[in-house]
1. Of the listed values (1) 16.6; (2) 26.3; (3) 18.0, identify the label whose number matches mean projected area of the Cα convex hull in nm² calculated from this model.
2. Report relative contact order for the range 150-258 in percent, whole number only (criteria: Cα-Cα under 8 Å, sequence separation at least 6).
3. Solvent-accessible area per residue for the chain at a 1.4 Å probe radius, Å²?
4. How far apart, in nm, are the 7 Å Cα→Cβ label points at residue 57 and residue 127?
5. Counting only helical runs of four or more DSSP H residues, what would the 222 nm mean residue ellipticity of the chain come to if each run contributes -39,500 (n - 2.57) and the total is spread over all its residues?
6. What does the net charge come to around residue 23 if you take all other residues with beta carbon closer than 14 Å to its beta carbon, with K and R at +1 and D and E at -1?
7. What's the ranking of 204-210, 239-245 by average number of surrounding C-beta atoms within 10 Å, highest first?
8. Pop out the carbon and sulfur fraction of the accessible area of the range 174-231 as a percent, whole number, probe 1.4 Å.
Amino acid sequence: MDELVLAGFVAAMVRVSTPLLLAALGETLAERAGVINLGIEGAMLAGALGGAVGAAQGGLTAGLVVAVLAGLAVAALFAAVSLGAGADQIIAGTAVSLAAVGLTGVLNRRIFGAGGIGLSLPTFPDVAIPGLSSLPVVGVGLFTQPLVTYAAWLLVPLTWWFLFRTRGGLLLRATGESDTAARAAGVPVRRVQAIAVLVGGGLAGLGGGSLVLAQVGTFAEEMTAGRGFIAIAIVVLGRWHPGWVFAAALLFGAATALQFVFQAMGLDVPYQLFLMLPYAMALVALTGGLGRARAPAGLGKTLSIDN
């Protein structure tokens, strides 16, 4: 394979994996606390629109802030319905994501008009790390990325440290394994789960914002195209561990980036075949085709309102 093509593949893999990694790390925290949040797709979509609105009004930093706040708002709605009202988590998450699709579509047309915002948004420039960016093949791909990508990478060890080296992480994991035992030990179960869901929603919103502000430079309705659900598959494939989640996100990014490689090689293969690869991998991961791991014992369990 040509070195230039390979370098482009690595760069595309990393860039595509960044929103997935941010959303998957947030979902890891939520699922470790025993909550499966299918509303993460809606949080990413809301974050994408929030990023576009914030960047159009106040620049890139404002865009990321609004993206996080939008993700938090969607997560708060999910938490209110599933944790506050005791609704089934799967149904609540699906309803929230569907509501986000409709609401973002309406707001997009209200704010930017029927034609959308176009390609007028600012985007984060690539930042080269001195020395490392000059390495052959991987230098440009790994070490010439937007700042949001480096921030996502930094969150991987920070999430691991929180989960496995802090008291807060221990309480969160205990809640996800058995809410009854955790409550008997004095853990405020509902509060722990709510915080985990909110943090996860904020990270999903940041992932949606990075999709707009570090990649495409515009907003389109339903532009997340199932990335939130892929993030859930990444958590499963990553065995609810931040390090493996990082590796799984890169794997899914590589599956998406393959289409660019095969196009550059001039292979006469329908491009739709490569577009479906990440979704096919998501199905395989969710059915255990890439290896099974034990999920948190209390994952998806609906708490009674009086708990």
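1. Matching entry in (1) 16.6; (2) 26.3; (3) 18.0: (1).
2. On the way: 56 pairs, mean separation 22.9, N = 109.
About 21 percent, as a whole number.
3. Values: 13390 Å² over 307 residues.
Solvent-accessible surface per residue comes out at 44 Å².
4. Result for the modelled spin labels: 2.6 nm.
5. Values: 13 runs with 207 residues, N = 307.
Helix contribution divided over all residues of the chain: -22500 deg cm²/dmol.
6. Values: positive: 227; negative: 27, 31, 41.
That works out to -2.
7. 204-210, 239-245
8. Values: 1270 of 1980 Å².
Exposed carbon and sulfur together represent 64 percent of the surface.
The values are calculated or read from the model by the stated rules, or taken from the named source; none is laboratory data. Please read these numbers as outputs of a predicted model, since none were measured by experiment. With ideal geometry, Cβ positions are generated from the backbone for all residues, glycine too; neighbour counts draw on all protein chains shown. Side chains included, ligands, DNA and RNA excluded: accessible areas come from the protein's heavy atoms. Shrake-Rupley method; radii C 1.70, N 1.55, O 1.52, S 1.80 Å.
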